[in-house]
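Where a number appears in this text, it was derived from the coordinates with a stated rule and is not lab data. Given the structure is predicted, the values throughout are model-derived calculations rather than measurements. Here the Cβ positions follow ideal geometry from the backbone for every residue, glycine too, while neighbour counts run over all protein chains shown.
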Amino acid sequence: MKRILRAMIGLGLCLGLANLAQAQEYPRPAIPDLDRLTQELFAEVQSDQVPYEDLYETLLQYYQTPLNLNTATREELRGLLLLSEVQITNLLEHRQRTGGLLSLYELQSIDGFDLRTIYRAAPFVTVQTTDPNATRGPLWQRIRQEENNALFLRYERGLQQRRGYAAPDTVSGGRPATRYLGSPDKLLVRYRVSRARDFSLGFTAEKDAGEPLAWSPATRRYGADFYSGHFMVQERGRLKSLALGDYQLQFGQGLLLSSGLAVGKGAETITTLRRSSVGLRPYSSVLENTFFRGAAATVAVNATIRATAFISRKRVDASFAQRQDTLEDYTEVASSLQLTGMHRTPSELANRKALRETVLGGNLSYASLSGDLALGLSAISTQFDKPLLRRTEAYNAYEFSGRQNLALSAHYSYVWQNLLLFGETGRSSSGGLGTVNGLLASLAPNLDVSVLYRSYARNFHSFYGNALSENTRNINENGIYLGMKLRPLARWEVSGYYDQFSFPWLKYQVGAPSQGHDWLLRVTFSPTKTSLLYAQLRQRTKAYDADTLRAAPLPVPTQRQNLLLLYDASPLPILSLRTRVQGTQYREDDGARRRGYVLAQDIAVSPRPRLRLSGRYALFDTDDYDTRQYVYEQDVLYAFSVPVLAGRGTRAYVLAQLEVNRHLTLWLRYAETHYRHQQVIGSGLEEIQGPRRSDIKAQVRYRF
């Protein structure tokens, strides 16, 4: 094992030195390297709580319908998360002073735009001197002629049999053992046609592994388990946008309404801290609980004021309990909302779409003609057809209970010279308050800093909010965040943050008020336009209940340290290499330190213009599940893979992409994890007998 490690490290260093010695620099490919970009933005957060699917989907939407730099507003430019406030201001002033850009290369003449920023943003923006929607024909004709028009079919399956798919059996009491009701096949059909600032039309149908294909209108099952569809038009005079079907909303700092690319804490310590009021967006992802279903519209009252109204009505997953003495004499209440989106077993099917949710709301926004000042008010009313009453645990004492919740908020942002102030404050029906306020400042051409304060009361309730927080929801938390980004020399960048947080009330597995902190430091060096080298260290300290015999819970601090070294290079136009060393050290209170690591080598090659092959071979070794490793992997288009690696073994995958012609593209992926000294993988219905877990995935895209 040690010889293998030394060999892989030596290979990575040799490749790196070879690339450093190159005198020639090759231009970036036209297709964005989403793998590299997501690593830069998400910062290898080592978490299973990040909505990767939604984040990745938003990046692809920007790629499919790029932002026109000659017409984009300040809020739209913020939504990219790739430009600093100074860069946005300089771009807007350049447009006002000299007119629209003539080409993307003109960005080099604008103060603050370095080559790295331009290369990162290039796949998601465009420069158009004329408005392609100025002379519109009939809508049906534009849809038929639109080039951004594609149908996707995807199939995936695990190759080893899991216990959930075994033949029916009985448990010790004679009852039938629980089994998955469907096949292990996962299926996806997706269609979308769209044009920026004009229209978007699409639908999605998905069946997860283990879910049955069934037609039963009485139980609201119509073939596939999940369907989604939308139709949206934009820029029709005063009607700025109209959405029917599934959609998302984002206003202010996401305290009440948040969707899409909400990254949170990461190595990008400046631009991802503030949220943008991107407003109404179509929804085409496969997450089954992060969207609205109904209708929404945004109208321009005048040049500076816009009003948005929306209504949503859909069923959500919930588990129920019978109560003898409950709110308003109800005998059946929802004890929890189920967010997994899985409906494989009889109990999961019983919870499927069991609770009806109705949401009404709106937003009124003001933006000055220059875009420097923005103000807004939001309101959202959520009502369930049955009351929600959590289990009688102490940490649930201040959770939402009842049938209706009304939340109101006010948000603002103001740009003054090199300073941006922003924030949002809200109140829910319970009387709980939530607030988030921040500051971004460019203290020098090579130094940016950020500060953000947040306070979410233990009885503040927001079902669709996702403002920056340590918790997965904006409740029961106070914190202050300090970030910085320094570019001391050309090609060098140092970024970092420190976040201090506290939880005034109890949490799951934390039986008393607690506190903690989180910090990150990353040093990045870009030897050439096509290479990147960085080292990152992150430490997070939080409290959890100790395993003691005390009658009262005793939260003790746990410390997790993550180290990441990565080198990314393209020594040839057709070849890309990436070497990663990643490790974790975990300690509870003053106990023994436990460790885990991953060493991975990636390679991507394009031997022919229409063929791309990529793969990875990785070694991992962790002491236990607490030192597990999350490693982003390349996948088929519109799919995201971040497997959890725990124990000892190897992980490998290979991905092939073939563009048959301008209409048809094929993807095929095989991945395998081999565990050493382990004959059983997983537990419960996901248990596999044997040391290997492997899966295949195939996808077809047809562009009309």
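How large is the convex hull of the C-alpha atoms of region 187-289 per residue, in Å³? Before the final figure, lay out the partial values.
Working: hull volume 16.3 nm³, N = 103.
With only Cα atoms used, region 187-289 gives 158 Å³ per residue.
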> What ranking of ARG195, ARG703 emerges when the number of other C-beta atoms within 10 Å of each C-beta is taken as an exposure proxy, fewest first?
Replying inline: ARG703, ARG195
> Between region 88-123 and region 569-597, what is the C-alpha centre distance in whole Å?
Replying inline: 35
> Modelled label-to-label distance, VAL301 and GLU686, 7 Å Cα→beta-carbon offset: nm?
Replying inline: 4.9
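Over all alpha-carbon pairs in region 125-265, figure out the percentage whose distance exceeds 24 Å. Provide the component values of the computation, followed by the final result.
Details: 5586 of 9870 pairs.
For region 125-265, the fraction of Cα-Cα distances above 24 Å is 57 percent.
Suppose every Lys and Arg Cβ carries +1 and every Asp and Glu Cβ carries -1, with no other charges. What dipole size does the chain come out with about its Cα centre, to the nearest 20 debye? Walk me through the numbers before you get to the answer.
On the way: 85 positive and 67 negative charges, 254 e Å.
Dipole about the Cα centre, nearest 20: 1220 debye.
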> What is the pair-distance distribution P(r) of region 412-564, computed from all Cα-Cα distances in 10 Å bins starting at 0, with each bin given as a whole percent?
Replying inline: 10, 29, 30, 21, 8, 1, 0
> Based on DSSP H assignment, which helices of the chain show an axial Cα extent of at least 15 Å together with a mean Kyte-Doolittle hydropathy greater than or equal to -1.0?
Replying inline: 2-20, 52-64
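Jot down the per residue volume, in cubic angstrom and as a whole number, of the convex hull over the alpha-carbon atoms of region 306-414.
Values: hull volume 15.2 nm³, N = 109.
Taking the convex hull of the Cα positions in region 306-414, it is 139 Å³ per residue.
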> Between ARG220 and TRP492, how many nm apart are label points set 7 Å from Cα along the C-beta direction?
Replying inline: 5.9
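Using the structure shown, select from LYS207/LYS265; LYS485/LYS542; LYS240/LYS353; LYS207/LYS353; LYS507/LYS542; LYS186/LYS697 the pairs with a Cα to Cα distance greater than 21 angstrom. Working shown, then result.
Numbers: LYS207/LYS265 32 Å; LYS485/LYS542 25 Å; LYS240/LYS353 33 Å; LYS207/LYS353 15 Å; LYS507/LYS542 12 Å; LYS186/LYS697 9 Å.
With Cα atoms farther than 21 Å apart: LYS207/LYS265; LYS485/LYS542; LYS240/LYS353.
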> With the calculation restricted to Cα positions, what are the radius of gyration and Dmax of region 477-517 in angstrom?
Replying inline: 16.1, 49
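Could you order peptides 275-282, 115-122 by the average number of other Cβ atoms within 10 Å of their residues, highest first?
Working: 275-282: 24.0, 115-122: 17.6.
Per-residue Cβ counts within 10 Å, averaged per peptide and sorted highest first, yield 275-282, 115-122.
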> In percent, how large is the relative contact order of region 187-289, given Cα pairs closer than 8 Å and 6 or more residues apart?
Replying inline: 23
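Starting from the coordinates of the alpha-carbon atoms of the chain, obtain the Kirkwood hydrodynamic radius over all distinct pairs and give the value in Å to one decimal. Working shown, then result.
Working: mean 1/r = 0.0368 Å⁻¹.
Its Kirkwood hydrodynamic radius stands at 27.2 Å.
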> Suppose R0 equals 25 Å; then what is the FRET efficiency for ASP547 and SER347 from their Cβ-Cβ distance, rounded to the nearest 0.05?
Replying inline: 0.30
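Just rank ARG676, ARG587, fewest to most, by other beta-carbon atoms within 10 angstrom.
Neighbour counts put them in this order, fewest first: ARG676, ARG587.
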> Rounded to the nearest 0.05, what FRET efficiency is calculated for ASP624 and ILE480 with R0 set to 41 Å and r the Cβ-Cβ distance?
Replying inline: 0.80
> Once both labels are modelled 7 Å past Cα along the beta-carbon direction, what's the LEU433-SER183 spacing in nm?
Replying inline: 5.8
> In terms of Cα to Cα distance under 15 Å, which aspartates and glutamates are near enough to LYS386, apart from those fewer than 8 places away along the same chain?
Replying inline: ASP317, ASP325, GLU328, ASP329, GLU332, GLU357
> Highest mean first, what order results for 381-387, 235-241, 461-467 on Cβ atoms within 10 Å?
Replying inline: 461-467, 381-387, 235-241
> Rounded to a whole number, what is D in µm²/s for region 610-662 from Stokes-Einstein with the Kirkwood radius over alpha-carbon pairs (20 °C, 1.002 mPa s)?
Replying inline: 167
> How much length is gained on full extension from GLN417 to VAL644, taking 0.36 nm per residue of separation minus their Cα-Cα distance?
Replying inline: 77.2 nm
> What's the percent breakdown of Cα-Cα distances in region 372-440 across 5 Å bins, shortest bin first?
Replying inline: 4, 14, 18, 16, 15, 11, 9, 6, 4, 2, 0
> Out of residues 5 or more away from ASP198 or on other chains, whose amide H comes under 5 Å of its own, with H placed 1.01 Å from N in the peptide plane?
Replying inline: GLN234
> So what is log10(I(q)/I(0)) for region 632-700 at q = 0.12, 0.25, 0.26 1/Å, when the Debye sum runs over its Cα atoms only?
Replying inline: -0.41, -1.12, -1.17
> With contacts defined as alpha carbon pairs under 8 Å and 6 or more residues apart, what's the relative contact order of the chain in percent?
Replying inline: 11
> Binned at 10 Å from 0, what are the whole-percent values of the Cα-Cα distance distribution for region 58-167, short to long?
Replying inline: 11, 35, 22, 15, 9, 6, 2, 0
>> Check which residues have an amide H placed less than 5 Å from LEU355's amide H, if you skip close sequence neighbours.
In response: VAL316, ALA318
